[in-house]
Structure formats: structure tokens, C-alpha cells
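Written below as C-alpha cells is the structure these notes are about.
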Amino acid sequence: MKEKTILSNKQYLYLTEFFAGMSVMAVELGASRLLAPYFSSSQIVWTIIIGTIMIAMALGNIYGGRYADKNPNPDKLYSRILVAAVWIACIPAAGKYVILAISAALVFTVNSNFLVWAGFFACMAIFVFPLFLLGTVTPSLVKYTMDSLTDNGRTVGMLNASNTIGSIIGTFLPTFVTIPSVGTSVTFLVFAGILLLLSAVYFIKAGRGHKGMAAAFILFLICCVTGYSDSFAFWEKDLVYEGESVYNYLQVKEDEDNVVLSTNVLFGVQSILKKDGGLTGMYYDYALAAPLMADVMEKEEFRVLILGNGTGTFASQCKRYFSGAQVEGVEIDEKITALARQYFKLSEDVKVSTYDGRAYLNVVDGKYDVIMVDAYQDITIPFQMSSVEFFTLVKEHLTEDGVMVVNMNMRGQKEGNINQYLADTIASVFEEVYTADVPGTTNRELYASDSAGMLSDFSENRSQVPEQKLSGMMAQVEGALEKYQAGRYLLTDDKAPVELLGMQVIDDLIFGEIGYYKQLVEKEGVSGLLRELK
């Protein structure tokens, strides 16, 4: 048969295994970036992605092995690769709509763990089928490459090595090259194109066409146009900037009053610039109480460190309201820092280090009057910055009367919520802990110090604030302050389930927001919901 011309060259079969392994890993990493703007990129979401892909691959291995024994026709294998290529190419164009459709359906049908279920079903709908098809590659190639039982170990070893080497490259290439430089959508298209060419070369070398090849190339070209041209947040208009970094999906919006950064589509604002230079109306205003608690008015030199600088909202406020403040920021995503300079007027006087917050504290020796902890991995605080060990490290970098302020962005109501864990953990390290809920938001600010005079210093310094609006805001903070009574919940480096705790609060927030509409659907059906939304 003509196909033996190419299959007799085992190098092409090893090449097929190589590119199949590379594409599987590239799709897996692309899946995390596709889901992150909607469901976060937490350990839970990664678990869903990895688990779903392993299910698909296992089923593909079983099917591929059985089918190869019954019908060892390589045309079938390369046809499956062709179908997988087209499906993967369609993901940038259709994936986001599938995610939102599944989310819309589940929000009215599940009562807990919404993000877990939505992420799982989105993965199943979008990624299982093409990866199932790619899972059939290895057992099929074993059938075609095996000459005799005397060299079967060597042959299988070479196939596995080809797959592993491809997987290694498919891990590093998207993370460090394609996603940061051309984005997630193009990354899907690049690897879909590789699989498409792999199939095309086989059928051309085999000396006959494939009735679906022309249609596959046409669909691929359509996906290249429609997939690349659309946005993750396709309902948003007039974005100033939309892009991706190694860590985040990034979106900058601007109106006549504000410039706003969002690092995901569905979970709000991460940084803000008020064009009039005033207060933000957000938790950053409440955080300004920390310098006053640390006696900023009485010090010639006053050092502030911000772990999770973002675009520098708090840094800019400190420079504006406290003239002697020397502000340093730590931000792990250097692209966010670049956006801060370009769109958010972050002063060059604010030094920003591209580092993980905890790692930074491990390598610096200085002490600070205020350390703000505002580092988030999408919607949850990184576990390594939530533990007793971390807050002990923060304490070691504070001056004698220094104050740590922590933004807790999900105000839980149930016993054992994430804020209780964080507050109890902090209270086990610091002598004085106070909290204040930020009205109109889900944020709670926590202030911690070993200085027994932090409240008296705050009251005294508040009266000296010359700026009227800030003075009024600080009076509001003082009225909201409550001394925190330590409880029994602790987070440690060994055990810090912040993702699960965060998911519990998100469930409460989601179902609290849509509770009315859910009841409406239960009583009047979808028609009642549509009437209400008109």
C-alpha cells in the first residue's frame, strides 16, 4: 500500500508522537488561560483541568488500543488527528460562549460549589473530545511501529520518549513564548495548525487525498479570523488595553472619571485611578488609616512597602497624602507594572520590584513603618502569603510601632470563613488586631501591630490631617474599627486551604446576587426571567 512509504519511516511516526504530546500540554496550558478570566487560575481550577484531561487521555488510550487491534488502518488515526486539529482551532472562537452558556445554566441549577461545577462541565464540553482523539495516538502508533517482539521494548520506549520530549516543549513554549507574545487564542491556533499539517503531510505522502482535508483547512482559516478577533470579555466596548502576561489576563478600561484594571472578566476591579486625584471610594481609602496608626505625622522618614502593588493605587495615595512617605512596591507581574506607568500615572519615585511578596521579604533586610498585604491570585490570596509563617516574616520587617494592613476581599458570613482564618492567623502573631468593613463592598480591612498605642496614634494623627475629604474618611474608619477577638482557625505553610475557603464565600456572593432571579425561574420559568430582564 502507498501509505507504507511514509509509515515505513519510523521517524515520521516518532514525529507524530512528538507533536501529539506537545499539543496535549499546549492545550492544557491554554485551557487554564481560557478558564482563568471566568473561574480563576486557582489550584482547584488546575485540578479540574488536569483531572478532566487525564480522563480524556485514559479513554483515548483504551479506545485507540482496541481500535488499532480491530482495524489497524493509519488513515483512521490521521483522520482523528485532523478532527482534533479543527476542534482545537474552534476553541478561541467558541470556547468563551460555551463557558458563559454553561455558567448561565448551572447558576440556576446548582446550590453549592458553583465555580467547581461550572469549570468541570466547561472543561468536559470544550476539551475532552479533542484530547480523547489525541489520546488514541500512542496505542495506534505502537501497532504501526512494532516490527517484532524482539524490539518491542525499544520501540515503545522511543515512542514514550518522543511523547515526553514533545510534552516538555509543549509546557514551556506556551508559557514563556506564545501566550505572553501572541496570546491564548493564537496559541490554540498555532498548535491546531501543527496537527493539521501533520495530517496533511501523511495523506499527501500516502498518495491520496482526504475528503475532509479541504473542509478542515477552510474551517481552520475561518477560526483564525473569528477566534483571533474576539475578546475574552466580548461584551465590553472601547477597552483601552486588553492583553495577557505570564500570570494574568489584563484589561484596562477608561471613562471620564476613572481608569480601571481588571485581571479577570467576572470578578471586578483590581486597581483604579481617579482622574481628579481624589479618594477612590474603595478599600484603598480605608487602608490609608495604617500610616496614621503608625504615627506618620511625627516622623521625618516614613517607609511603606506594598506587597501586591498592582497599578499603584495605594502607592499613589500614600505619596499624595503623606509628603514624607517613601513607598516601595512588590508586584510579581511586570506587565502590570508597565501598565501602571503607562495608564495609571504611577510615579517613577515609587520603586517596584518584580518579585513574589514572600520571597521579597526573605531577601531584604529593611524595616518599614507600614506594610500593606494586597496580593491576590485572581480571587484568593496566595496560600504562601496567608500563613502564620508569612505574617511572622512581615512582623520581622516592621518597625517597633509599625502597622500591617491587609485587604481581605471576601467578607464571609458563615462560621469558619476565609476571613476568620486570616484574622485568627494574624491575631496569633500580632498583639493588636482591628478590622473595619468597607461599606458598599465585600472588602474588610485588617490592621495589626505590636504597638499598644496604635489607636491613640490614629486618633491624634487623624485630627492633624489637613485634607478635608481624607479627614472625613478617617473619621468614618475610626467609627467602623472593631477590636478583633482571636479564635481557633489557623493557616500554616503545611495547611492553608485558601482556595476551598474562597470558593465557599464566592458561592455565597453569587447565589446572594442571583437569588431573586433563581426564585423567579422556579416560579415562572424562563419566560418569567426574560420578561424581568426586558
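The values are calculated or read from the model by the stated rules, or taken from the named source; none is laboratory data. Model, not experiment: these values are computed from the prediction. Please note: Cβ atoms are built from the backbone with ideal geometry, for glycine as well, and neighbour counts cover all protein chains shown.
Screening the candidates 101, 85 for the property of being among the small types (Gly, Ala, Ser) and either within 19 Å of the chain's Cα centre (by Cα) or at pLDDT below 95 (or both) yields one hit, 101.
Condition check ((1) polar (S, T, N, Q); (2) assigned by TED's automatic domain parsing to the domain that holds residue 26; (3) over 17 Å from residue 15 (Cβ atoms); (4) at pLDDT below 90) across all residues:
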{"site": "161", "(1), (2), (3), (4)": "no, yes, no, no"}
{"site": "166", "(1), (2), (3), (4)": "no, yes, no, no"}
{"site": "172", "(1), (2), (3), (4)": "no, yes, yes, no"}
{"site": "191", "(1), (2), (3), (4)": "no, yes, no, no"}
{"site": "219", "(1), (2), (3), (4)": "no, yes, yes, no"}
{"site": "235", "(1), (2), (3), (4)": "no, no, yes, yes"}
{"site": "241", "(1), (2), (3), (4)": "no, no, yes, yes"}
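Screening residue 48 against (1) surrounded by fewer than 21 Cβ atoms within 10 Å (Cβ to Cβ); (2) more than 23 Å from residue 180 (Cα to Cα) leaves a single unmet condition, (1). For segment 421-465, enumerate the residues that are part of a strand (DSSP E or B) and either under 28 Å from the mean Cα position of the chain (by Cα) or in contact (Cβ under 8 Å) with a residue 60 or more places away in the chain (or both). Answer for segment 421-465, where residues must be part of a strand (DSSP E or B) and either under 28 Å from the mean Cα position of the chain (by Cα) or in contact (Cβ under 8 Å) with a residue 60 or more places away in the chain (or both): 435, 436, 437, 444, 445, 446, 447, 449. It is to be established whether one or more residues within segment 189-198 are more than 30 Å from residue 243 (Cα to Cα), part of a helix (DSSP H, G or I) and touching a Gly at 6+ places or on another chain (Cβ under 7 Å). Scanning segment 189-198, I find no residue that is more than 30 Å from residue 243 (Cα to Cα), part of a helix (DSSP H, G or I) and touching a Gly at 6+ places or on another chain (Cβ under 7 Å), so the answer is no.
Only a single item in (1) modelled with pLDDT under 90; (2) farther than 30 Å from residue 42 by Cβ is not met by residue 198, and it is number (1).
Here segment 309-321 is the region considered, the condition is being under 27 Å from the mean Cα position of the chain (by Cα) and surrounded by 24 or more Cβ atoms within 10 Å (Cβ to Cβ), and the residue that is nearest to residue 246 (Cα to Cα) is 310.
Taken over segment 329-350, the criterion of being farther than 21 Å from residue 247 by Cα and touching a strand residue (DSSP E or B) at 6+ places or on another chain (Cβ under 6 Å) is satisfied by 350 alone. Taking each residue of segment 276-300 that is over 14 Å from residue 315 (Cα atoms) and looking for partners that are among the hydroxyl-bearing types (Ser, Thr, Tyr) and at pLDDT 90 or above with beta-carbon atoms closer than 7 Å, six or more apart or interchain, yields 293/447; 293/449. With respect to the conditions (1) buried (at least 19 other Cβ atoms within 10 Å of the Cβ); (2) without any contact (Cβ under 8 Å) to a residue 60 or more places away in the chain, residue 400 lacks only one, and its number is (1). Only one entry of 400, 396, 431, 415 meets the criterion of being farther than 22 Å from residue 454 by Cα and among the acidic types (Asp, Glu), and that entry is 415. Here residue 159 fits the description: part of a helix (DSSP H, G or I) and within 22 Å of residue 73 (Cα to Cα). Scanning segment 466-490 for residues that are over 36 Å from the mean Cα position of the chain (by Cα) and assigned to a loop (DSSP other than H, G, I, E, B) yields a count of 2. In the condition set (1) in a helix (DSSP H, G or I); (2) surrounded by fewer than 22 Cβ atoms within 10 Å (Cβ to Cβ); (3) under 25 Å from the mean Cα position of the chain (by Cα), residue 269 is compliant with all but (1). Cβ-Cβ distances below 6 Å connect the following pairs, each with a first residue in segment 200-214 that is within 14 Å of residue 77 (Cα to Cα), a second residue that is at pLDDT 75 or above and assigned to a helix (DSSP H, G or I), and a separation of six or more residues or different chains: 202/78; 210/203.
Give segment 359-376 a look and list any residue that's within 18 Å of residue 270 (Cα to Cα) and surrounded by fewer than 23 Cβ atoms within 10 Å (Cβ to Cβ), or say none. So that I can check it myself, show each step before the final result.
Looking only at segment 359-376, we keep the residues that are within 18 Å of residue 270 (Cα to Cα), and these are 372-376.
Selection gives 376 alone.
Being surrounded by 18 or more Cβ atoms within 10 Å (Cβ to Cβ), small (Gly, Ala, Ser) and at pLDDT below 90 is the filter here, so list the residues in segment 412-435 that pass it. Answer for segment 412-435, where residues must be surrounded by 18 or more Cβ atoms within 10 Å (Cβ to Cβ), small (Gly, Ala, Ser) and at pLDDT below 90: just 412.
Number of residues in segment 322-358 that are of a type outside the set (S, T, N, Q), loosely packed, with under 15 Cβ neighbours inside 10 Å and touching a helix residue (DSSP H, G or I) at 6+ places or on another chain (Cβ under 9 Å): the value is 4.
Given the criteria in a loop (DSSP other than H, G, I, E, B), outside the structural domain of residue 504 (by TED's automatic domain parsing) and surrounded by fewer than 18 Cβ atoms within 10 Å (Cβ to Cβ), does residue 180 qualify? It is false that residue 180 is in a loop (DSSP other than H, G, I, E, B), outside the structural domain of residue 504 (by TED's automatic domain parsing) and surrounded by fewer than 18 Cβ atoms within 10 Å (Cβ to Cβ). The combined condition, being surrounded by fewer than 18 Cβ atoms within 10 Å (Cβ to Cβ) and touching a residue at least 12 places away in the same chain (Cβ under 8 Å), is fulfilled by residue 83. Counting just the residues of segment 121-154 that are touching a residue at least 60 places away in the same chain (Cβ under 8 Å) and among the β-branched types (Val, Ile, Thr), which one comes out farthest from residue 46 (Cα to Cα)? Among those that are touching a residue at least 60 places away in the same chain (Cβ under 8 Å) and among the β-branched types (Val, Ile, Thr), it is 145.
Is segment 125-141 home to any residue that is small (Gly, Ala, Ser), more than 30 Å from residue 73 (Cβ to Cβ) and part of a helix (DSSP H, G or I)? Checked segment 125-141: no residue is small (Gly, Ala, Ser), more than 30 Å from residue 73 (Cβ to Cβ) and part of a helix (DSSP H, G or I).
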